[in-house]
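Just so it is clear, none of the values below were taken in a lab; they were calculated from the coordinates. On a predicted model such as this, the values are computed, not experimentally measured, just so you know. Methodologically, a virtual Cβ is constructed for each residue, glycine included, from the backbone with ideal geometry; neighbour enumeration extends over all protein chains shown.
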Amino acid sequence: MSTRWMLVSEAWNLNEIARKVGDVLTALTLLKFAKIKGLTISEDEEELRKRILAVKPVLRDLLKEIENTIKSSYGPPPLVRALQEEYGYADLKKVQEKLRNVIDALERIGKGDYREDDFEELERLLECIAYEASSRSQELIARAGRY
Amino acid sequence: MSERHLFGIIDDLRSDIASLKEFFRIARSGDLKTSELVSRLEYVLSEVESDLDLRVRLCKYLPSIKRRRVAYKELYTRILFNLRQHRQSIYLLYMVYELISLREKARENVTYRRFLDLADKYVDSLTEALNMPTDLLIIVAPQSEYASLPILSKRAFIVMLPPTNLAKPWKWVLLSHELGHLYFQYYRERILIRILPAIEEELRDVVRDEEQVKGYVSLWGEYWLQEIVSDIVAVSLCGPAYLKMLITEATEPKPAQVYGAHPPLDARALAQMTYMKFTGAPDELMLIMERVWREFRNGVLEMDSLPDYLNEEIVRRVSWLTLFESHL
């Protein structure tokens, strides 16, 4: 595969992740406004929860990537590395634990059990993933354009 | 604080989508493969379009929360982030459109259209032999070099060949290497987990510095292993013809030299011959491969051997492990 198209392909994958996670962040913000901040939001609560839960496969994939990185000697992929930096953990098992806690928080929100801490934790993780995926995708597109 | 800029961006994106839709409409031809690919990409465009409608709806909350500055900025930023992703989607779609338009341009010529149809069929038959999922759309497009673009989320895989090679079907065996990349994408995790530790073990025997070992493992994982596995897939599909055409296409006066993403030609040839030997290929076929390689290699002045981090032991072990890992 030529380097240019390798970059485009990776940019495409990361952009899809950023798009998906970005949409979840918006839904999460609206739900937080309505349920925690007391703002009037006319969006359907059920629909917002459904949109938020759509991020579960992305988080499960990340868990799998962490497991694979632990098993192999291959360096962590960019999104896992971004999480390591975000939480300040070199130990991937700690990142894994953090991610599992966030998935628990996501499930509580999905069931309508709203806690401010859960919103904060989920937002922190999703922002890290979304911004890393987006900026890396942008960088790859720029690099591909130079070929 | 004003929502005006958000609406400006949304309008701009809408007009970009309208242009792309028009480009796609023009590119859509009587050809089934092109139409199918265009349909899949148009679907992405309509997703973006309907998401823009949603963003417009969300913008309506902004004036009502203007006094809650933090909340206002948070929602504004979230919307802006989504819009940036749409902007990037449009860039990416346009890159794919360029490939489609080159294909359609070539199809305007009757001879090239026939060759493209044949190349499509050829690539389909190779994909079938690889047991890849049947809903995958594999499409050939002319481009400056042999390359491929997997868009797996849309179940599409574009394989590219230079327009100058369109009328040279004997060179199409090189497309099998591109399908090797598709194979690698599908089994990436398994291949990496199984083979990288073995590479690391071999590297520790020849490279002392721990940081260097890590660096080379990373290069193997990111580039070289994928190329070697793709060569193995190609040779298992096309036999000595692939090695012969690889020698022709590479035109390599320094076969032990590493160029970025691609391992040296010496390593690539060794991997193919080792793999074929391990599979128990008939002696006659092995003799052809060895002869083809020897004839070329003996004429080249370069005396250098492969670098330590890509040495023969590593390449042989990769070939051996690929045999056990593969579904070929």
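If contacts are Cα pairs under 8 angstrom and at least 6 residues apart, what is the relative contact order of chain B in percent?
Relative contact order of chain B: 13 percent.
The stretch B:57-111 and the stretch A:112-147 have Cα centres spaced 16 Å apart. Approximating the spin labels as points 7 Å out from Cα along Cα→Cβ, the B:Asp117-to-B:Tyr94 distance works out to 3.4 nm. Mind checking which of B:Ile314, B:Trp293, B:Gln257 is farthest towards the positive end of the stretch B:170-325's charge dipole, using Cβ charges of +1 (Lys, Arg) and -1 (Asp, Glu) about the Cα centre? Checked the options; the winner is B:Trp293. DSSP assigns beta bridges within the protein assembly as shown; of those with both partners inside it, close to 50 percent run antiparallel. Could you tell me how far the Cα centroid of the stretch B:222-257 sits from the Cα centroid of the stretch A:1-16, in Å? A separation of 22 Å, based on Cα centres. Couplings for the stretch A:128-142, taken from phi via the Karplus curve 6.51 cos²θ - 1.76 cosθ + 1.60 with θ = phi - 60°, read 4, 5, 4, 5, 5, 4, 5, 5, 5, 4, 4, 5, 5, 4, 5 Hz in order; Gly and Pro are left as x. Size estimate for chain A follows the Kirkwood approach: the inverse of mean 1/r over distinct Cα pairs works out to 16.2 Å. The 3J(HN,Hα) values that the Karplus relation (6.51, -1.76, 1.60; θ = phi - 60°) gives for the stretch A:91-102 are, in residue order, 6, 5, 5, 5, 5, 4, 5, 4, 5, 4, 4, 5 Hz. Gly and Pro appear as x.
Placing +1 on each Lys and Arg Cβ and -1 on each Asp and Glu Cβ, with no other charges, gives the protein assembly as shown a dipole about its Cα centre of roughly 1400 debye.
Computed over the alpha-carbon pairs of the stretch B:1-106, the distance histogram in 10 Å steps reads 14, 40, 24, 15, 7, 1 percent, short to long.
Between amide H atoms placed 1.01 Å from N, distances below 5 Å from B:Ala141 occur with B:Val159, B:Met160, B:Leu161, all of them 5 or more places distant or on a separate chain.
Please give me the summed charge of the neighbours of B:Tyr146: other residues whose Cβ is under 14 Å from its Cβ, Lys and Arg +1, Asp and Glu -1. Once all neighbours under 14 Å are counted, the net charge is -1. Model label points for B:Tyr259 and A:Lys50, set 7 angstrom from Cα along the Cα-to-Cβ axis, are 5.2 nm apart. Loop-resident trypsin sites (Lys or Arg not before Pro) (DSSP state other than H, G, I, E or B) in the stretch B:176-252 with no more than 10 further Cβ atoms inside 10 Å of their Cβ: B:Arg208. Hydrodynamic analysis of the stretch B:73-216 uses the Kirkwood radius over alpha carbon pairs. Inserted into Stokes-Einstein at 25 °C and 0.890 mPa s, it gives a translational diffusion coefficient of 135 µm²/s. Consider all pairwise Cα distances in chain B and report the whole-number % of them above 32 Å. Within chain B, distances greater than 32 Å cover 44 percent of Cα pairs. The local environment of B:Arg113, defined by Cβ-Cβ distances under 14 Å, has a net charge of +1 under the rule Lys, Arg +1 and Asp, Glu -1.
Of the DSSP beta bridges with both residues in chain B, give the percent that are antiparallel, rounding to the nearest 5.
50 percent
When B:Phe278, B:Phe157, B:Phe81 are arranged by Cβ crowding within 10 Å, least crowded first, meaning fewest neighbours, the order is B:Phe278, B:Phe81, B:Phe157. Computing FRET efficiency as 1/(1 + (r/R0)^6) for B:Glu249 and B:Ile26, where r is the C-beta to C-beta distance and R0 is 35 Å, gives about 0.60. In this simple spin-label approximation, A:Lys71 and B:Ser153 carry label points 7 Å from Cα along the Cα→Cβ vector, and these lie 2.5 nm apart.
Excluding B:Glu200 itself, calculate the net charge of residues whose Cβ lies under 15 Å from the Cβ of B:Glu200, where each Lys or Arg counts +1 and each Asp or Glu counts -1. Could you put the intermediate results ahead of the total?
Values: positive: A:Lys71, B:Arg194, B:Arg204, B:Arg208, B:Lys214, B:Arg317; negative: B:Glu201, B:Glu202, B:Asp205, B:Asp209, B:Glu210, B:Glu211, B:Glu222, B:Asp308, B:Glu313.
Around B:Glu200, the surrounding residues sum to -3.
Across the stretch A:79-134, Cα pairs under 8 Å and at least six residues apart give a relative contact order of 42 percent.
Every helix of 4 or more DSSP H residues in chain A counts as -39500 (n - 2.57), and over all residues that averages to -27500 deg cm²/dmol at 222 nm.
Peptides B:173-180, A:20-27, A:88-95, B:57-64: what's the order by average Cβ count within 10 Å, highest mean first?
Packing proxy ranking, top to bottom: B:173-180, A:20-27, B:57-64, A:88-95.
If you take the Cα centroid of the stretch A:68-101 and the Cα centroid of the stretch B:153-214, the two points sit 25 Å apart.
Here the sum of -39500 (n - 2.57) over DSSP H runs of 4 or more residues, divided by the residues of chain B, equals -23500 deg cm²/dmol at 222 nm, to the nearest 500.
Along its principal axes, the protein assembly as shown has C-alpha extents of 79, 58, 34 angstrom, given from the largest down.
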